[in-house]
Amino acid sequence: MTHLSGRHFLQIPGPTNVPDRVLRAIDMPTMDHRGPEFATLGHEVLDGLKAVFKTAQPVVIYPASGTGAWEAALVNTLSPGDRVLMFETGHFATLWQKMATKLGLVPEFVATDWRRGADPALVEAKLKEDKAKAIKAVCVVHNETSTGVASRIGAIRKAIDAAGHPALYLVDTISSLASIDYRHDEWGVDVTVAGSQKGLMLPPGLSFNAIGEKARKAAAGAKLPRSYWGWDEMLANNKSGYFPYTPATNLLYGLREALAMLREEGLENVLARHDRHAEATRRAVRAWGLEVLCAVPEEYSSSLTAVLTPAGHDADELRKRILAAFDMSLGTGLGKLAGKVFRIGHLGDFNDLMLAGTLAGVEMGLDLAAVPHRKGGVQAAMEFLAASAKGAKAARKAA
Ligand SMILES: Cc1ncc(COP(=O)(O)O)c(C=O)c1O
């Protein structure tokens, strides 16, 4: 092993850079999770999370990666053989659909070209066709991390209502929470799934379900087997600030700190920062003469940008060159996008100069890997960042 000086640039779309404040908060002696002090921590994080999901409903915390929270959302609300409507927006939507099938659910999986989100008009049409109301849930990945496309969750809610359909609405916000505007209550989402390692700026290891009243009612009659993921014991214990099994105590210290940081910056400012960095990134991509994978401007992701490499140029070779030369990790192309796209993560604890450094690494890498491109991407991003910096600072002050 050789020592690499300076900081590694972790610009995959999660896990994201963990701020020093969070790392220091985690680096504390583990406390008795059944002792009196723990309840204060438990209440603080369970209550504090609500503002981030924009909900007054309970949020539960699992010591698990996001996949666990996917499973929890399904097994608590559904029964074997239930039909669910899912959208193939990319790799993660595909994995969630595979899980639903393994659990004994019957997904209808609506295809897309992996360049757009779930179409609200199609949601409405599919639900209207379902005269028998056999579809029990509509499952949507808000931000498809494999493609950099954000589905329109509010518009899909309206589509479900327009169809007059009683299906539950389950949404994965694993790479959008605290990065892209999201409103659990206002958008009538029944279960929101989230994870710790992206917008929440924590290491991997925690995941979440925000649970609406309709979902809690559905849980009373849902027949899929569940034990570890069961909401009932979790919610009962959470009332007094405790957990039914050993929680990830040190990650909860980190979560308390991350929630404080989000409050200090102001959630709306955090979201605006992500929007601004995403716009700067897209300007760089266009200036290079490359193509953003997302084909629908109103569905551009503010967490990450997936970039197509020209035909005949392997995106993974480019990533390898960039890692070797500049110690920066970029996201790989997943599933059918392998070798065709690289993903620039710009979410979490991030600022203008980190973005400028990231884009400089990409631009130099394009040269090294001999990917045909024009110069000036970093310049285009810098011009946008400079022109919009004053507004961003004023907004921060006003918070
Ligand atoms: C949108 C989305 N859903 C689900 C997952 C799976 O989460 P995990 O890998 O934490 O289990 C990920 C992981 O990156 C994701 O980005």
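The values are calculated or read from the model by the stated rules, or taken from the named source; none is laboratory data. Treat the numbers as computed from the prediction; the structure is a model and nothing was measured. Note: ideal-geometry Cβ built from the backbone for every residue, glycine included; neighbour counts use all protein chains shown. All accessible areas refer to the heavy atoms of the entire protein, side chains included, with ligands and DNA or RNA removed. Shrake-Rupley method; radii C 1.70, N 1.55, O 1.52, S 1.80 Å.
Hey, if you put +1 on the Cβ of every Lys and Arg and -1 on every Asp and Glu Cβ in region 71-205, which of Pro80, Val123, Gly90 ends up farthest toward the positive end of that dipole?
Pro80
How many nm separate the modelled label positions at Asp130 and Lys239, each set 7 Å beyond the Cα in the direction of the Cβ?
3.3 nm
Name the most mobile residue of Tyr228, Tyr182, Tyr169, meaning the one with the largest mean-square fluctuation, in a Gaussian network model of the chain with Cα contacts below 10 Å.
Tyr228
Heavy atoms only, probe 1.4 Å: what % of the accessible area of region 203-354 goes to carbon and sulfur, would you let me know? Could the numbers behind the result be given before it?
Values: 3300 of 6130 Å².
That fraction is 54 percent.
Using only the heavy atoms of the protein chains and a 1.4 Å probe, how would Ser240, Ser302 rank by accessible area, largest first?
On the way: Ser240 60, Ser302 15 Å².
Per-residue accessible area, sorted high to low, gives Ser240, Ser302.
Where the centre of each part is set by its Cα atoms, how far does region 326-385 sit from region 111-169, in angstrom?
31 Å
Please enumerate, by chain and number, the lysines with C-alpha under 18 Å from the C-alpha of Lys320, excluding those fewer than 8 residues away in the same chain.
Here the lysines satisfying the reach criterion relative to Lys320 are Lys340.
With a 1.4 Å probe and every protein chain left in place, work out the accessible area per residue of region 263-396 in Å², rounded to a whole number. Walk me through the numbers before you get to the answer.
Details: 5710 Å² over 134 residues.
Here the per-residue accessible area is 43 Å².
Given R₀ = 25 Å, FRET efficiency for Glu264-Lys223 by Cβ-Cβ distance, to 0.05?
The value I calculate is 0.05.
Determine the shape class of region 168-260: with a ≥ b ≥ c the square roots of the Cα gyration tensor eigenvalues, call it rounded for a/c under 1.5, and otherwise prolate if a/b is greater than b/c, oblate otherwise.
The shape class here is oblate.
Using alpha carbons only, how many degrees (0 to 90, rounded to 10) separate the axis of helix 66-77 from the longest principal axis of the chain?
Approximately 30 degrees, to the nearest ten.
About the Cα centre of the chain, how large is the charge dipole given +1 on each Lys and Arg Cβ and -1 on each Asp and Glu Cβ? Please answer in debye to the nearest 20.
That gives a dipole near 360 debye.
Working from Cα positions, state the angle (0 to 90°, nearest 10) between the long axis of helix 36-53 and the longest principal axis of the chain.
With rounding to tens, the tilt is 70 degrees.
Which of His313, Gly357, Gly335 sits closest to the plus end of the dipole of region 272-394, meaning its Cα is farthest towards the positive end, when Lys and Arg get +1 and Asp and Glu get -1 on the C-beta?
The one lying farthest along the dipole's positive direction is Gly357.
What does the C-alpha gyration tensor say about the overall shape of the chain? Classify as rounded when a/c is under 1.5, otherwise prolate if a/b is larger than b/c, or oblate.
oblate
How big is the accessible area of Lys136 in square angstrom, nearest 10, if you roll a 1.4 angstrom probe over the protein chains?
Counting only protein heavy atoms, the figure is 90 Å².
Quick check: at a probe of 1.4 Å, how many percent of the accessible area of region 79-122 sits on carbon and sulfur atoms?
Values: 1090 of 1830 Å².
That share works out to 59 percent.
Could you give the nm distance between label points at Asp185 and Leu4, where each point is 7 Å from its Cα heading toward the beta carbon?
4.4 nm
Calculate, in nm to one decimal, what Glu213 and Ala386 gain on full extension: separation in residues at 0.36 nm each, minus their alpha carbon distance.
57.8 nm
Could you compute Rg(Cα) / (2.2 N^0.38 Å) for region 66-204, with N its residue count?
That works out to 0.96 for region 66-204.
Considering only DSSP beta bridges with both partners in the chain, what is the antiparallel share in %, to the nearest 5? Intermediate results must be reported in sequence, preceding the final value.
Details: 20 of 41 bridges.
So the antiparallel bridges amount to about 50 percent of the total.
What order do Asp352, Asp161 take when sorted by accessible area (1.4 Å probe), most exposed first?
Descending order: Asp161, Asp352.
Kindly provide the helix-only [θ] at 222 nm of the chain, computed as the sum of -39,500 (n - 2.57) over DSSP H runs of four or more divided by all residues, to the nearest 500 deg cm²/dmol? Working shown, then result.
Working: 13 runs with 176 residues, N = 399.
Helices in the chain give a 222 nm mean residue ellipticity of -14000 deg cm²/dmol.
Taking only Cα atoms, what is the 0 to 90° angle, nearest 10, from helix 249-265's long axis to the longest principal axis of the chain?
60 degrees
Sorted by accessible area (1.4 Å probe), largest first, how do Ser207, Ser388 line up?
Ser388, Ser207
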